[in-house]
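Novice: This is the structure I have questions about; it appears just below.
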Amino acid sequence: MLNVPSQSFPGLSSQQRVASGGRSKVPLKQGRSLMDWIRLTKSGKDLTGLKGRLIEVTEEELKKHNKKDDCWICIRGFVYNVSPYMEYHPGGEDELMRAAGSDGTDLFDQVHRWVNYESMLKGCLVGRMAVKPALPKGDPSVVPFTRDYREEKKILNGMLPRSQVTDTLAKEGPSSPSYDWFQTDSLVTIVIYTKQKDISLDSVIVDLRDDSLRAETFIKDYSYLIHTGLSHEIQEDFSVRVVENVGKIEIVVKKKENASWKCLGHPLEDHNSFIPKKDTGLYYRKCQLISKEDVTHDTKLFCLMLPPSTHLQVPIGQHVYLKLTIAGTKIVKPYTPVSDSLLLEFKEPVLPNNKYIYFLIKIYPAGLFTPELDHLQIGDYVSISNPEGNFKITQLEELEDLFLLAAGTGFTPMVKVLNYALTNIPSLRKVKLMFFNKTEDDIIWRSQLEKLAFKDERFDVEFVLSAPTSEWNGKQGHISPGLLSEFLKRSLDRSRVLVCICGPVPFTEQGVKLLHDLNFSKDEIHSFTA
Ligand code: FAD
Ligand code: NAP
């Protein structure tokens, strides 16, 4: 719904606006860009009509505000007057009106749950919903923090009945995890029992901050959160171990003083919850810009360093959100981490102490986010979210042919997929990349790709240019049935195949349609989207 960050992209006349399906964007009037909206919110204008007051909104009251010029929407318990925002909404007024006078949380989450609406719409905040949901009986997460030690230990040893486990989850989801902790003189170990075998180091994200520990474990499409304020001080560095065959995760932290802890600590927000991943918020940590290198005339390789107090590995094929404050408003955009080079031997899993995340990012001079990113100095900070995305490494298992179709920076998810497949999939016979760009100068890592094709006979790359110079004697044009049918030849009649596609949305949509026409099944196609 509040499809904000990509509001003005692509340009009005660009082909990229001619999406054949999915979420459509409407042309915005002059003076209605995201930057214009930010300016309006800063202008001091009363956007709610309440002269800065915040009110409690009943359901009956909310329902009354269901017209374009008087439109209130509730998102996660907060009510916004979105009428002033209507003309700035890239998804159009009609899309916003679908939630008029009602709870728009689900609609919002369906489109872009990562959009920072609290920041975007803060000037439109009317107040909170007056009706508070009744708390489930005996929910341990609502036990007051002031309980005595024995009760606290009961809460924090993770052995209590499932907390915050939804009905659906209890019926259909994976078994509810639990946790416990133990200590030596110098160490405290928190053990998470995931009850799941396919757990790896990228299944858990740990952040230590101000003597609190936040460990989010991803188990299938669910998230299990340990979130506690620790009872004693700890050192900054820690280690994470995974015992894969029993699905056990151990987080080992170092005590600052060798004293015995009576308890681990006290529960913080959403502690010991196990809920669908889609219902969780995105958690950010500040990362430092370490280096920035030119790759093409407009694309750069950024290296960001995670804080020492974070364990985070972005799974192959997934993206993160980068967050910057631009003109006082928090803006987030998705980016897909890459390896620092195509030619290095790929290590899997990435070393636990690997603290660097690389991004290939194209700078759009008229863009909102990328010029700000480009202006950062080495040593400056950017916030990075937890990873998202629906690519699963199991899609590569036992693969024989891997075809990659990338346009422009749509190449980024292909980098790790390509590296992983060539290094870890013994059944693989062929990997072919068809890379669409405007001109030769736009091709990211061209010489690395050519070297890789020379080095590894399973790999081939083909460049297709839409605006080549007269000297270009390679393939030309846009994605088309002719180009694809020639390119997508299986190495064997019935080989196990995966086609990955990524680029501007209409490119991807058109590509997927063509792939279906060429009789590739749904399971044989993976399109990277937000
Ligand atoms: P925007 O403000 O969105 O504008 C982009 C361009 O659109 C402008 O420069 C301008 O040329 C044009 N434009 C803007 N407004 C107008 C207008 N009113 N009229 C005409 N033209 C206009 N990008 C990467 O570079 N690397 C990645 O790894 C990467 N990963 C991604 C992963 C996912 C899942 C998704 C969905 C996107 C990814 N992107 C990636 C794209 C990225 O998220 C941003 O969309 C991109 O960086 C542009 O952001 P921006 O705010 O700078 O530009
Ligand atoms: P670009 O340089 O504008 O375009 C790359 C190539 O794609 C060009 O040849 C271009 O042809 C062609 N193209 C553009 N629109 C097309 C369409 N509608 N149909 C067919 N071909 C089309 O690309 P970019 O600026 O790097 O943008 C990359 C896009 O990938 C962005 O939209 C970004 O959001 C997306 N992306 C998505 C992910 C993800 O995981 N979902 C990851 C990274 C990037 P023309 O010369 O005709 O324009």
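Laboratory data are not the source of any read-out in this text; all were calculated from the coordinates shown. The shown structure was predicted, so the numbers you read here are calculated from the model rather than taken from an experiment. Every residue, glycine as well, gets a Cβ built from its backbone with ideal geometry; the counts of neighbours run over all protein chains shown.
Novice: Set the Förster radius R0 to 35 Å, insert the Cβ-Cβ distance between Lys68 and Lys330 as r into 1/(1 + (r/R0)^6), and round the FRET efficiency to 0.05.
Specialist: Working: r = 27 Å, r/R0 = 0.77.
About 0.80, to the nearest 0.05.
Novice: If the cut-off is a Cα-Cα distance under 19 Å, which aspartates and glutamates reach Lys489, setting aside same-chain residues fewer than 8 apart in sequence?
Specialist: The qualifying aspartates and glutamates are Glu398, Glu400, Asp401, Asp456, Glu457, Asp460, Glu462, Asp517, Asp523, Glu524.
Novice: Would you kindly calculate the translational diffusion coefficient of the stretch 174-232, applying Stokes-Einstein with the Kirkwood radius from alpha carbon pairs, for 25 °C and a viscosity of 0.890 mPa s, and quote it in µm² s⁻¹ without decimals? Kindly include the intermediate steps, with their values, before the conclusion.
Specialist: Numbers: Rh = 12.4 Å.
Rounded, D is 197 µm²/s.
Novice: Another one. Within the set Lys220/Lys248; Lys45/Lys122; Lys29/Lys333; Lys278/Lys392; Lys197/Lys392, which residue pairs have Cα atoms separated by over 20 Å? Walk me through the intermediate numbers first.
Specialist: Values: Lys220/Lys248 15 Å; Lys45/Lys122 12 Å; Lys29/Lys333 23 Å; Lys278/Lys392 16 Å; Lys197/Lys392 15 Å.
Exceeds cut-off: Lys29/Lys333.
Novice: Here's something else I'd like to know. Taking the stretch 255-332, how much of its Cα-Cα pair set, in percent, is spaced more than 18 angstrom apart?
Specialist: Values: 2048 of 3003 pairs.
Pairs farther apart than 18 Å: 68 percent.
Novice: With label points built 7 Å along Cα→Cβ from the Cα atoms of Arg128 and Asn519, find their separation and express it in nm.
Specialist: That separation, rounded to one decimal, is 6.0 nm.
Novice: Give me Rg/Rg_expected for the stretch 185-300, where Rg uses Cα atoms only and Rg_expected = 2.2 N^0.38 Å with N residues. Don't skip to the answer; put the middle values down first.
Specialist: On the way: Rg = 16.8 Å, N = 116, 2.2 N^0.38 = 13.4 Å.
Cα Rg divided by the expected 2.2 N^0.38 Å: 1.26.
Novice: Additional query: What is the magnitude of the charge dipole of the stretch 456-525 about its Cα centre, with +1 placed on the Cβ of each Lys and Arg, -1 on the Cβ of each Asp and Glu, and no other charges, expressed in debye to the nearest 20?
Specialist: On the way: 8 positive and 11 negative charges, 46 e Å.
It comes to approximately 220 debye.
Novice: Sticking with this structure for a sec: Roughly speaking, what is the stretch gain from Asp460 to Asp211, that is 0.36 nm per residue apart minus the C-alpha to C-alpha distance, in nm to one decimal? Before the final figure, lay out each step's value.
Specialist: Values: separation 249, 0.36 × 249 = 89.64 nm, distance 5.03 nm.
Extra length from Asp460 to Asp211 when fully extended: 84.6 nm.
Novice: Could I ask something else about it? How far apart, in nanometres, would the label points at Lys278 and Glu440 be if each is projected 7 angstrom from Cα along the Cα-to-Cβ direction?
Specialist: So the label points at Lys278 and Glu440 sit 4.7 nm apart.
Novice: Still on this model: Summing +1 for each Lys or Arg and -1 for each Asp or Glu, what net charge is found among the other residues whose Cβ lies under 14 Å from the Cβ of Asp298? Please list the in-between numbers first.
Specialist: Working: positive: Lys292, Lys300, Lys362, Lys438; negative: Glu293, Asp294, Asp374, Glu440, Asp441, Asp442.
Summing Lys/Arg as +1 and Asp/Glu as -1 gives -2.
Novice: Loop-only GluC sites (Glu not before Pro) in the stretch 432-490, please: DSSP not H, G, I, E or B, and at most 10 other Cβ atoms within 10 Å.
Specialist: Numbers: sites: Glu440, Glu450, Glu457, Glu462, Glu471, Glu486; in loops: Glu457, Glu471.
In loop regions of the stretch 432-490 (DSSP not H, G, I, E or B), the sparsely surrounded GluC sites (Glu not before Pro) are Glu457, Glu471.
Novice: Which cross-chain or sequence-distant (5 or more) residues have an amide H under 5 Å from the amide H of Val464, H modelled 1.01 Å from N in plane?
Specialist: Amide H neighbours of Val464, under 5 Å, 5+ apart: Phe435, Phe436, Asn437.
Novice: What is the Cα centroid distance between the stretch 49-98 and the stretch 381-413, reported in whole angstrom?
Specialist: Measuring centre to centre over Cα atoms gives 37 Å.
Novice: May I pose another question? So what's the net charge close to Val431: Lys and Arg +1, Asp and Glu -1, counting the other residues with Cβ under 10 Å from its Cβ? Walk me through the numbers before you get to the answer.
Specialist: On the way: positive: Arg429, Lys430, Lys432, Arg458; negative: Asp401, Asp456, Asp460.
Here the count lands on +1.
Novice: Out of the chymotrypsin sites (Phe, Trp or Tyr not before Pro) in the stretch 418-473, which ones are loop residues according to DSSP with at most 16 other C-beta atoms within 10 Å?
Specialist: On the way: sites: Tyr420, Phe435, Phe436, Trp445, Phe454, Phe459, Phe463, Trp472; in loops: Trp445, Trp472.
When the chymotrypsin sites (Phe, Trp or Tyr not before Pro) of the stretch 418-473 are filtered for loop state and at most 16 Cβ neighbours within 10 Å, Trp472 remain.
Novice: Return the FRET efficiency for the residue pair Asp493, Asn473: r is the Cβ-Cβ distance, R0 is 51 Å, and the value is rounded to the nearest 0.05. Let's see the in-between values first.
Specialist: On the way: r = 32 Å, r/R0 = 0.63.
That pair, Asp493 with Asn473, gives E of 0.95.
Novice: Starting from the stretch 192-261, pick out the GluC sites (Glu not before Pro) whose DSSP state is loop and whose Cβ has at most 16 other Cβ atoms within 10 Å.
Specialist: Details: sites: Glu216, Glu233, Glu236, Glu244, Glu250, Glu257; in loops: Glu233, Glu257.
When the GluC sites (Glu not before Pro) of the stretch 192-261 are filtered for loop state and at most 16 Cβ neighbours within 10 Å, Glu233, Glu257 remain.
Novice: Something else about it: Cα-Cα over 20 Å: which of Lys277/Lys513; Lys430/Lys451; Lys277/Lys362; Lys292/Lys355?
Specialist: Working: Lys277/Lys513 29 Å; Lys430/Lys451 16 Å; Lys277/Lys362 29 Å; Lys292/Lys355 16 Å.
Those over the limit are Lys277/Lys513; Lys277/Lys362.
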